[in-house]
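These notes concern the structure reproduced below.
Please treat every number below as a calculation from the coordinates, not as lab data. Just so you know, these numbers come straight off a predicted model, no measurement behind them. Heads up, the Cβs are rebuilt from the backbone with ideal geometry, glycines too, and the neighbour counts pull from every protein chain shown.
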Amino acid sequence: MNKNLQTLDVDLRKTKTKSDLNKLRSEGFVPGILYGEIDKNITLSIKKTSLDKFLNSSNFMSTVITIAVGGKNYKVLPRDVEFDSLSNQPVHVDFQTLNSNTKVQVWIPVKFLNEEKCPGLKKGGVLNIVRRKVELNCPADNIPAELRVDLEQKEIGDSIKISAIKLPEKVKPTILDRDFTIASVAAPTVVAEPETTAEKTDEEAQASDGTETQTADASDGTKQDAKGQKIESKKEEKKSAESNKSADKKK
């Protein structure tokens, strides 16, 4: 986080009702609360423009900051931010006080280095990111800002496991039962289009020839039947004519 974003100035909040909170928000402030290893929880009022600068940083929820309130400074960790469902503007924020003995679970962003030098990516491979953030158990005074993955020597087929990332002292992932994958350099996916050809396959050609032969045979049979019918018809006509001729002679 930017060094200018290490201290957040807040005021003590004295609101008691929901209408008081709405009035506070309409005046450009966000209500909050500070809890943890203190005598009692402290209700806060935070200027929205100041809070927005912190929220716009990539790792706000995993960064220890200092809150100055009531003449005292507290090392705190943001634990929850509530946003309005319609405007997506912050409406409440929680902070937890920390000391050197406090252990916290935080999500830390993963940063990939030297993508332009990665031989696998140069060959057309694709960086397949499985986890953009990793949840870690950390001492409050030793929370890493990011986890770095160097891709300079990664080839197609290589995977980056959590064991390959150097973690600060006493920092461990919350998942301990397996060496889980952070990312991999995968081969490019190529979709092969079916080849089209005007030529028929041997089976298609044979099937076609067989169909043509059957059609030709059927056609020839039909022609022969028609020819036979014509011959029989002529015989019948000749026979009828001769019969008529014989009858005329008798007369």
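Note on D150 and L176: with the Förster distance fixed at 30 Å, the Cβ-Cβ geometry gives a FRET efficiency of about 0.80. The local environment of R79, defined by Cβ-Cβ distances under 15 Å, has a net charge of -3 under the rule Lys, Arg +1 and Asp, Glu -1. Pairs with C-alpha atoms separated by more than 20 Å, drawn from the list K23/K75; K72/K103; K16/K75; K133/K172; K53/K166; K23/K53, are K23/K75; K72/K103; K16/K75; K53/K166; K23/K53.
Using the average count of surrounding beta-carbon atoms within 10 Å as a protection proxy, the listed peptides 59-67, 172-180, 97-105 rank, highest first, as 59-67, 97-105, 172-180. Between Q89 and S26, residue separation times 0.36 nm minus the direct Cα-Cα distance comes to 21.5 nm. Among beta bridges identified by DSSP and lying wholly in the stretch 34-162, the antiparallel ones come to about 75 percent.
Between N41 and I165, the simple label model (points 7 Å from Cα in the Cβ direction) yields a spacing of 3.2 nm. Along its three principal directions, the equivalent ellipsoid of the stretch 104-186 from the Cα gyration tensor extends over semi-axes of 26, 12, 9 Å, largest first. At full extension, N137 and T15 could sit 40.4 nm farther apart than now, given 0.36 nm per residue minus the alpha carbon distance. Separation of the stretch 7-62 from the stretch 122-162 is 34 Å, based on Cα centroids.
When only the Cβ of Lys, Arg, Asp and Glu is charged (+1, +1, -1, -1), the dipole of the stretch 3-98 relative to its Cα centre reaches about 200 debye.
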